[in-house]
Amino acid sequence: MKVLFLTQTSAFGPSSRYRVYQLLPWLQKLGIVCEVSPAIDDALYRSLYLDSGQQASRLTAFSAAWQRRRDDLRRVDDFDAVFVQKGVFPGLYSGFERKMAARKPVVFDFDDAIWLPRVGGSRVLRALHRESAVQGILRCAAAVITGNSFLADYATRFNRRVTVVPSSIDLAAYPHGANSNVVGWIGSRTTLPYLSSLKPVFETLGIKPRVIASGDPIPLGFETEFRPWRLETEMKELSQIGIGIAPLPDTPWEHGKCGVKILQYMACGIPVVASPVGVNAQLVVNGVNGFLAKNTDEWTTALRTLIGDSNQQQRLGAAGHAEVEKRYTVQAAAAVVNSVLRSVV
């Protein structure tokens, strides 16, 4: 069985990396011949999101993605099925997916509330966003895979074949975190603003959090130990964190999030403090593998409880690691994706 995987980005992009790239070796072991075509390749991703110098324009990215998908459309008949990760231009245009679905079974996978205008990012893209474009992809797909039940509830309005496959972790790739009081956060340029709500917490506790991300942390308004995110150094940076944090505002867009950073912390055996929003409240069991905190006082109490208590850090971290091993491994995710792909061919 030969499958064409159309990803939004190269493996540099976290959504594509966790939803597709890390699954490929396991899918190949299950007998699927995998070929991947990213709409945004390594060089363009670096220019758009990682490099601090001259950046590629959105128009350049749009043009490159459009040409790549035109080329993919010409060769779609060489494959038994097409796996579309989050859509080529989600919320803008569904023509490529609909044309492919007319010729081959399409499995559509998404891990964000892409029917909503994206929070942050380009104002122009938000203005041009059309929910009907997302609905068009859902309707034409032979099957749909979502990262959580909130997304699945929306997808089932337009497609009867919806399967939830939570984001997963390759545990073998993750080192054990530091048994330390380093409070850390990992994320992207677009999610950096989530940290702003914790400014009074950091000031009260005298914490300078470790921040692993692309982008500029200065607008946050407080001091950080900033580490530019790089794929090749990600694991080393994670291993130096002692307590992982995952703040989220309680909005519909955030309910579509799939909790990858929490899974990363847990894979490293790092205790977590998180906002009880969406999937966060499913991943973190309060007092068992971390703490849930919904306001400044609760965040302050949770972090103060963990700082300096190495025994509790180890206990909660071990419970989190066990939870990932039980429910969120890449092998388990690949097995379900394999079943969905074979069901549509």
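Brief remarks on what is shown
- Qualifying residues in region 44-59 (those that are in a helix (DSSP H, G or I) and open to solvent by 70 Å² or more (accessible area, probe 1.4 Å)) - the one modelled with the highest pLDDT: ARG46
- For beta carbons closer than 9 Å, sequence separation of 6+ or different chains, a first residue in region 74-90 that is without any contact (Cβ under 8 Å) to a residue 40 or more places away in the chain and a second that is open to solvent by 20 Å² or more (accessible area, probe 1.4 Å), the qualifying pairs are ASP77/ARG103; ASP77/LYS104.
- Taken as a whole, region 20-33 holds at least one residue that is within 30 Å of VAL344 (Cα to Cα), among the polar types (S, T, N, Q) and in contact with a strand residue (DSSP E or B) (Cβ under 9 Å, 6 or more places away or on another chain).
- Pair list, Cβ under 6 Å, 6 or more apart: region 48-72 residue among the hydroxyl-bearing types (Ser, Thr, Tyr), other residue at pLDDT 80 or above and open to solvent by less than 70 Å² (accessible area, probe 1.4 Å): TYR49/SER214
- Residue check, ILE40 open to solvent by less than 70 Å² (accessible area, probe 1.4 Å), under 23 Å from the mean Cα position of the chain (by Cα) and either at pLDDT below 95 or aromatic (Phe, Trp, Tyr) (or both): yes
- Candidate set: region 15-37, residues that are out of contact with any Lys or Arg (no Cβ under 9 Å at 6 or more places or on another chain) and buried (at least 20 other Cβ atoms within 10 Å of the Cβ); chosen: the one farthest from SER63 (Cα to Cα): TRP26
- Pairs, first touching a residue at least 40 places away in the same chain (Cβ under 8 Å) and more than 20 Å from ARG230 (Cβ to Cβ) in region 1-26, second in a helix (DSSP H, G or I) and among the polar types (S, T, N, Q), C-beta under 7 Å, six or more apart: TRP26/GLN331
- Unmet requirement for THR296, which otherwise passes all of (1) more than 30 Å from VAL82 (Cα to Cα); (2) without any contact (Cβ under 8 Å) to a residue 40 or more places away in the chain: (2)
- Condition broken by SER310, with the remaining ones in (1) within 17 Å of TRP185 (Cβ to Cβ); (2) among the small types (Gly, Ala, Ser); (3) modelled with pLDDT under 95 satisfied: (1)
- Flag for ARG189 being assigned to a loop (DSSP other than H, G, I, E, B) and open to solvent by 50 Å² or more (accessible area, probe 1.4 Å): yes
- In region 301-320 there is no residue matching the filter, namely being of a type in the set (Asp, Glu) and part of a helix (DSSP H, G or I).
- For region 121-152, a residue qualifies if it is closer than 24 Å to VAL279 by Cα, in contact (Cβ under 8 Å) with a residue 60 or more places away in the chain, open to solvent by 40 Å² or more (accessible area, probe 1.4 Å) and not small (Gly, Ala, Ser), and exactly one does: PHE150.
- Residues of region 133-192 that are closer than 26 Å to TRP299 by Cβ, among the small types (Gly, Ala, Ser) and touching a Pro at 6+ places or on another chain (Cβ under 8 Å): GLY147, GLY184, SER188.
- Residues satisfying the stated conditions in region 262-292, i.e. part of a loop (DSSP other than H, G, I, E, B), β-branched (Val, Ile, Thr) and without any contact (Cβ under 8 Å) to a residue 40 or more places away in the chain: VAL277, VAL284, VAL285, VAL288
- Residue within region 174-184 that is at negative phi, touching a Lys or Arg at 6+ places or on another chain (Cβ under 9 Å) and not in a loop (DSSP other than H, G, I, E, B) present: yes
- Of all residues in region 256-306 being β-branched (Val, Ile, Thr) and open to solvent by 40 Å² or more (accessible area, probe 1.4 Å), the one that is nearest to PRO14 (Cα to Cα): VAL285
- Residue match in region 207-223 (condition: in contact with a strand residue (DSSP E or B) (Cβ under 8 Å, 6 or more places away or on another chain), assigned to a helix (DSSP H, G or I), open to solvent by less than 30 Å² (accessible area, probe 1.4 Å) and closer than 22 Å to ARG46 by Cα): no
- Remark: LEU316 matches the filter, which requires a residue to be surrounded by 23 or more Cβ atoms within 10 Å (Cβ to Cβ), over 25 Å from TRP253 (Cβ atoms) and over 19 Å from the mean Cα position of the chain (by Cα).
The values are calculated or read from the model by the stated rules, or taken from the named source; none is laboratory data. Only a predicted model underlies this, so the values are computations on that prediction, with no experimental measurement involved. When we count neighbours, we look across all protein chains shown, and the Cβ atoms used for this are built from the backbone with ideal geometry, even at glycine. We work out accessible area using only protein heavy atoms, side chains counted, and drop any ligands, DNA or RNA first. Shrake-Rupley method; radii C 1.70, N 1.55, O 1.52, S 1.80 Å.
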